[in-house]
Amino acid sequence: PSVQQHKPLEIGTNLYCKWRDEQFWMCEVIERRQNIETNEWSYYVHYLSFNRRMDEWVTIDRFDLGAQETTGDGKKVTRTTKRKFDESHHHEEEGELDPITLKEHEEATKVKNISRIAIGKYEMETWYFSPFPKEYSNIDTLYWCEYDLTYFARREQLERYMKTRCKRVHPPGDEIFRHGEMAVYEIDSRVERVFCENLCLLAKLFLDHKTLYYDVQPFLFYIICHCDEQGAHMVGYFSKERVSAEDYNLACILTLPCYQRRGYGKFMITISYELSKREGKLGTPERPLSDLGLVSYRSYWAQRLLEILSKQKGTISIKELSDMTSFRPEDIIATLQALDLLKYFGGQHSVYVSPKMIEQYVNKKDNSPPVDPSKLKWTPHSERVEAR
């Protein structure tokens, strides 16, 4: 076996590493491991300018070792990292997590334990650590049944399961929406506990700061599917508390990476607000939102409000906008402020929408699947309890 000639890099070392764009970026060595057969070291690195989802294992040939130097305390750094790095940039998605909780979270989840997943016809790289049982730790690819979310360490195990045991062609639960190729299934975690637990494990591979609930029973899960002749294929999901003291209408939201940028995030948010309308409540998502979740909501709120304002003749109040959308007033105000549409005239705030902004809204391509409320077959759970 070949033996590397370099001295192993220390954990905590900062140096340049070649990223997938072939450019060198500053990174920190988070962990290291040695191959027993070859004696070669590999290193788990975090790129200081990137989100943690880009963390990865690399070999020594990816580093620019010539850029290193050692400070008086022996810590290896590069010349360009002597200035303090602005940590507020690289923790932007953690939202409201306090510093102590954030530090504990990052320490416990610093190294991804699953590199890739295969589900349906797709394979995709994971982004974050997820607390799978130890026997699944440090495997390259985890294989999933896309219908019941049973997972396996080897492809042949999944193939055998699909041929002999899995009888499903769609998720468990009740189909509450079907329109064209889109379907939504509501899953009661008290009935399908294992499915919901496996869903949380899967989601955690792509969501960093959300707490993984080992007790899934307080939640209802809504699986969004694209349907074809083979079955209903999960593209994403959202969850909501069965009973929310704050009237949150959504707890977690995720579109699988292979289906992102196709408008499914907006579709799920629209469904969540349609459920709120049926409940006769104003809705808002649970905080903190992930970075991608926040982008999706800001875009959704803005588009929906501009759609109404572009057709509005005369004045309209925040309360009227809230009644029409089921958005909370504070979400409406924050969105209008972000769009710079709130103006202060004569001692009161007014909404001013320029023709240019209307034009931008009209010309913006919307690729999300349409939501026809009449296709939603759903009764609020509070009414179901009363019916019994």
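The values are calculated or read from the model by the stated rules, or taken from the named source; none is laboratory data. Treat the numbers as computed from the prediction; the structure is a model and nothing was measured. Note: ideal-geometry Cβ built from the backbone for every residue, glycine included; neighbour counts use all protein chains shown. Ligands, DNA and RNA are stripped out before the accessible areas are found, and what is left, the full protein with its side chains, is counted by its heavy atoms. Shrake-Rupley method; radii C 1.70, N 1.55, O 1.52, S 1.80 Å.
Here are the numbers for this structure:
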read-out: Phe195 accessible area, 1.4 Å probe, all protein chains in place, Å² to nearest 10; value: 10 Å²
read-out: In Hz, Karplus ³J(HN,Hα) per residue of the stretch 271-283 (6.51, -1.76, 1.60; θ = phi - 60°; x = Gly, Pro); value: 4, 4, 6, 5, 5, 4, 4, 5, 7, x, 10, 8, x
read-out: Of Lys240/Lys281; Lys163/Lys204; Lys277/Lys377, those spanning more than 18 Å from alpha-carbon to alpha-carbon; value: Lys163/Lys204
read-out: C-alpha long axis of helix 291-311 to longest principal axis of the chain, angle in °; value: 30 degrees
read-out: Residues of the stretch 146-302: accessible area per residue with a 1.4 Å probe, Å²; value: 43 Å²
read-out: Point-to-point label distance, Ser299-Asp64, nm (Cα→Cβ direction, 7 Å offset); value: 3.3 nm
read-out: The stretch 286-356: chymotrypsin sites (Phe, Trp or Tyr not before Pro) in DSSP coil with no more than 15 other Cβ atoms inside 10 Å; value: Tyr352
read-out: Simple spin-label estimate for Leu48 and Tyr248 in nanometres, 7 Å along Cα-Cβ; value: 3.4 nm
read-out: Förster radius 35 Å - calculated FRET efficiency between Arg261 and Arg33, Cβ distance, rounded to 0.05; value: 0.55
read-out: Relative contact order of the stretch 268-388, pairs being alpha-carbon contacts under 8 Å that are 6 or more residues apart, as %; value: 30 percent
read-out: For the chain, radius of gyration divided by Kirkwood radius, i.e. Rg to Rh on alpha-carbons; value: 1.02
read-out: Label-point separation, Trp25 to Lys281 (7 Å along Cα→Cβ), nm; value: 3.9 nm
read-out: C-alpha long axis of helix 329-338 to longest principal axis of the chain, angle in °; value: 60 degrees
read-out: Asp140 - accessible surface, heavy atoms, 1.4 Å probe, Å² rounded to 10; value: 100 Å²
read-out: For Glu31, distant residues with modelled amide H under 5 Å away; value: Tyr44
read-out: The chain, relative contact order in percent, only Cα pairs under 8 angstrom and at least six apart counted; value: 10 percent
read-out: Largest to smallest principal axis extent of the C-alpha atoms in the stretch 237-335, angstrom; value: 43, 31, 22
read-out: Cα lying deepest toward the dipole's positive end in the chain, options Asn113, Ile308, Ala251, charges on Cβ; value: Ile308
